[in-house]
Amino acid sequence: KAAQGQLAVVALGKLAVKKASSKEVKDYGAEIIEDHQYAGQELQELSAKEGIYLPVQLDAKQKTQQQRLSHLSGKEFDEAFIAYLLNDHRKDLKEFESAAMSHNARLKQWAETTLPILAVHLKKAESAANAIGIEETK
């Protein structure tokens, strides 16, 4: 599930770099690409050790989201992208907190290492939301 999410965030981050009108949103897109690609590499190493096969392409829901965002531009894109990432990172934080309690030592370590990065991404998404005038609800 984490690998599937990594694929989506990287794909959407690439859209943000191309389509965002706000510097904050473009910068955020670039940062999440880099961080999630790195986390994805770590996850690939972990999955290889555990014998788990990871997805290599977006699922249907993620493709739909990517297509929806690809048809937006300017402020409309910025708002939809940030709203999606706010929701996504809040959900991910909860799931990673659960994974950090895993009995699998490798998974637990990876989740514990990744949690602070997700927390920073959420804070930056909140900051970008404020910068572009999104009234958010937590």
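The values are calculated or read from the model by the stated rules, or taken from the named source; none is laboratory data. All values reported here derive from a predicted model rather than from experimental measurement. Methodologically, a virtual Cβ is constructed for each residue, glycine included, from the backbone with ideal geometry; neighbour enumeration extends over all protein chains shown. Side chains are part of the model used for accessible areas, which takes the heavy atoms of the whole protein and leaves out ligands, DNA and RNA. Shrake-Rupley method; radii C 1.70, N 1.55, O 1.52, S 1.80 Å.
Does ILE52 fit the bill of being farther than 13 Å from LEU12 by Cβ and of a type in the set (A, V, I, L, M, F, W, C)?
It is true that ILE52 is farther than 13 Å from LEU12 by Cβ and of a type in the set (A, V, I, L, M, F, W, C).
Quick check on the stretch 71-101: of everything there that is part of a loop (DSSP other than H, G, I, E, B) and without any contact (Cβ under 8 Å) to a residue 24 or more places away in the chain, which residue is farthest from ALA20 (Cα to Cα)?
MET101
Take the residues of the stretch 1-25 that are assigned to a loop (DSSP other than H, G, I, E, B) and open to solvent by 50 Å² or more (accessible area, probe 1.4 Å): which is modelled with the lowest pLDDT?
That would be LYS1.
Across the stretch 26-59, what is the total count of residues that are part of a helix (DSSP H, G or I), open to solvent by less than 60 Å² (accessible area, probe 1.4 Å) and over 30 Å from ALA131 (Cα atoms)?
So the count comes out to 4.
Residues that are farther than 20 Å from GLY40 by Cβ, crowded, with 18+ Cβ neighbours inside 10 Å and out of contact with any Phe, Trp or Tyr (no Cβ under 7 Å at 6 or more places or on another chain): does the stretch 90-112 have at least one?
No, the stretch 90-112 contains no residue that is farther than 20 Å from GLY40 by Cβ, crowded, with 18+ Cβ neighbours inside 10 Å and out of contact with any Phe, Trp or Tyr (no Cβ under 7 Å at 6 or more places or on another chain).
Looking at the stretch 60-69, which of the residues that are out of contact with any helix residue (DSSP H, G or I) (no Cβ under 6 Å at 6 or more places or on another chain) and touching a residue at least 12 places away in the same chain (Cβ under 8 Å) is nearest to ASN104 (Cα to Cα)?
Top of the filtered list is GLN65.
Here is a list: PHE81, PHE77. Which entry is within 12 Å of ALA128 (Cβ to Cβ) and surrounded by 17 or more Cβ atoms within 10 Å (Cβ to Cβ)?
PHE81
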